Amino acid sequence: MRVAMIGTGYVGLVSGACFADFGHEVVCVDKDASKVEMLKSGGIPIYEPGLDLLVERNVREGRLSFTQDLTDAVRTADAVFIAVGTPSRRGDGYADLSYVYAAAKEVAEVMDGYTVVVTKSTVPVGTGDEVERIIRETRPDADFAVVSNPEFLREGAAIDDFKRPDRVVVGTNDDRARTLMRELYRPLFLNETPIVFTARRTSELIKYAANAFLAMKITFINEIADLCEHVGANVQEVAKGVGLDNRIGGKFLHAGPGYGGSCFPKDTLALTRTAQDAGSPLRLIETVVEVNDARKRAMADKVIAACGGDVKGKTIAVLGVTFKPNTDDMREAPSLEIIPALQKAGATIRAFDPAGTVEAEKLLSNVEFVSGPYFCAEGADALVIITEWNEFRALDLPRLKATMKAPVLVDLRNIYTHDQAGNAGFEYTSVGRPHG
Ligand code: UDX
């Protein structure tokens, strides 16, 4: 089967490479000449473990290619995926669909023969209808179907999520499109992955509802963590005891500094806007958005309190600035709220991140980035773990403490225990575990 993937951002590139690995012939299209050149010469513009090898192998075996030329790729394609960005519109929180609609128009102008146009980008309910209208208006003669096929890829685990998903969701009422989509995902059905065939609007909503639910789960456990601190309970054990109930499940119950990333903040906000416009507000999700925003700011106060109520003139060492491990992505990262708040309170920040430095330097000012955790801690008045990179999980705590000015450790991801930190001589603060 021949696939054209419009957009070589995170979703497009991972999906394109994985479809090629399923045996399809995939052409990835991007307007950005430098990106296409980079991909053609074997470079990968994003950080995603395993993606370089996957792309290299599929290019070598002739199933994956990159181009700026949409026309050729689309004309011969059985399926055209639209995987362009849908950023939050500045000011109002609505998803900006201009890239999706522009892509739909360009595709319409050149498509040839029966073509399935698939929206992979996360798009508000009703976007598929508009894409269909645009294509029909541009090319009244075209033979096509517009399908919604949302992605559920987590950064850092995207290849595995694509190849071993919990489910595939396909929204269309067109029988030919359904058959084609089943064929595209055929290798998954050999592993008995469930495929949810549904109407297009329902499929679009599934994506938002799933992300909103996960964001709500995280926010729920974060508030329980705060309560634990007030009543002397341990949030990790609460999460375990609660999560063992199959109806709830233990995943996404790790308390921390608040969710960030390219999806949850943007999608929860866009969903609340859709719901308000539809006259059916989602008050739970509106609250989730508010609570999560406030939480990121509150984490700076937690650090200040751990430093005895004042950080003026103090040096704070920060480990991890990306919104989660195994990515260089800084979008909506809690560090972007926490670090400026600490600077405003008078602290000097020194930081280390295994992959995020280049991005972080664009977004944070007056932060000294160093090359490792031990350098970072040297002479510091406090050490704060914001992102739980694996390499921070087994640090030599006595060695760290020996070089620090004051023995303060703030662990916003609960990767150490009170005993471990206490035995190394640290005064230890974590999230929702006041005693141990
Ligand atoms: C998410 C969804 O998981 C994915 O299905 C969707 O397609 C895109 O958005 P991603 O943003 O890559 O993926 O990261 P994810 O692992 O879901 O984490 C999101 C945020 O929630 C991170 O800031 C993470 O630190 C936080 N989180 C996650 C918690 O604080 N606690 C948890 O238990 C889980």
Quick one: of the DSSP bridges fully inside the chain, what percent are antiparallel, nearest 5? 5
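Among DSSP beta bridges whose residues both lie in region 2-198, state the antiparallel percentage, nearest 5.
On the way: 2 of 28 bridges.
Looking only at bridges with both residues in region 2-198, the antiparallel portion is about 5 percent.
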Report, by chain and number, residues whose modeled amide H sits under 5 Å from the one on residue 318, excluding near sequence neighbours (fewer than 5 apart, same chain). 350, 351, 352, 384
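Ordered by packing density, taken as the mean number of other Cβ atoms within 10 Å over each peptide's residues, highest first, how do 243-250, 203-210, 52-59, 391-398 rank? Please list the in-between numbers first.
Details: 243-250: 10.8, 203-210: 20.6, 52-59: 17.4, 391-398: 14.8.
By packing density, highest mean first, the sequence is 203-210, 52-59, 391-398, 243-250.
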So, counting K/R as plus one and D/E as minus one, what does the shell of residues with Cβ under 14 Å around residue 226 add up to? +2
In whole Hz, what ³J(HN,Hα) sequence does region 304-321 give by Karplus (6.51, -1.76, 1.60; θ = phi - 60°), x for Gly and Pro? 4, 4, 5, 8, x, x, 8, 10, 4, x, 8, 9, 10, 8, 10, 9, x, 10
Sorting 121, 98, 55 by the position of each Cα along the dipole of the chain (Lys, Arg +1; Asp, Glu -1; all at Cβ), the one nearest the positive end of that ordering is 121
Diffing region 297-303: the Karplus 3J(HN,Hα) column from phi (6.51, -1.76, 1.60, θ = phi - 60°), in whole Hz with x for Gly and Pro, holds 5, 5, 5, 5, 5, 5, 5
Working from Cα positions, state the angle (0 to 90°, nearest 10) between the long axis of helix 98-110 and the longest principal axis of the chain. 20
Could you give the length gained by full extension between residue 283 and residue 193, i.e. 0.36 nm per residue of separation minus their alpha carbon distance, to one decimal place? 29.1 nm
Karplus-derived 3J(HN,Hα), 6.51/-1.76/1.60, for each residue of region 37-45, Hz, glycine and proline x: 4, 4, 5, 5, 9, x, x, 10, x
Rounded if a/c is under 1.5, else prolate if a/b beats b/c, else oblate: with a ≥ b ≥ c from the C-alpha gyration tensor eigenvalues square-rooted, which is region 208-289? prolate
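Over 29 Å between Cα atoms, which of 324/344; 35/251; 240/314; 105/266; 217/405 qualify? Don't skip to the answer; put the middle values down first.
Details: 324/344 24 Å; 35/251 35 Å; 240/314 37 Å; 105/266 25 Å; 217/405 38 Å.
Cα-Cα > 29 Å for 35/251; 240/314; 217/405; rest within.
Cα gyration tensor of region 1-151, axes a ≥ b ≥ c as square roots of the eigenvalues: rounded (a/c below 1.5), prolate (a/b > b/c) or oblate? Don't jump to the answer; show the numbers that get you there.
Details: a/c = 1.93, a/b = 1.29, b/c = 1.49.
In terms of gyration-tensor shape, oblate.
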Going by amide H atoms built from the backbone, whose H comes under 5 Å of the H on residue 144, apart from near neighbours? 115
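Could you estimate the translational diffusion coefficient of the chain from the Stokes-Einstein equation, with Rh from the Kirkwood formula over C-alpha pairs, at 4 °C and 1.567 mPa s, in whole µm²/s?
Values: Rh = 23.3 Å.
Using the Kirkwood radius from Cα pairs, D works out to 56 µm²/s.
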So how do 121, 335, 65 line up by other beta-carbon neighbours within 10 Å, fewest first? 65, 121, 335
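Show me 403-416, 79-92 ranked by packing, highest mean number of other Cβ atoms within 10 Å first. Walk me through the intermediate numbers first.
On the way: 403-416: 20.6, 79-92: 18.9.
Put in order of decreasing packing, that is 403-416, 79-92.
Could you give the dipole magnitude of the chain about its Cα centre, charging the beta-carbon of Lys and Arg +1 and that of Asp and Glu -1, in debye to the nearest 20?
Values: 50 positive and 61 negative charges, 114 e Å.
The calculation lands at about 540 debye.
Read-outs: derived from the displayed coordinates by stated rules, not from any lab. Remember, it's a predicted structure, so these values are computed and weren't measured experimentally. Neighbour counts run over all protein chains shown; Cβ positions are idealised from the backbone, glycine included.
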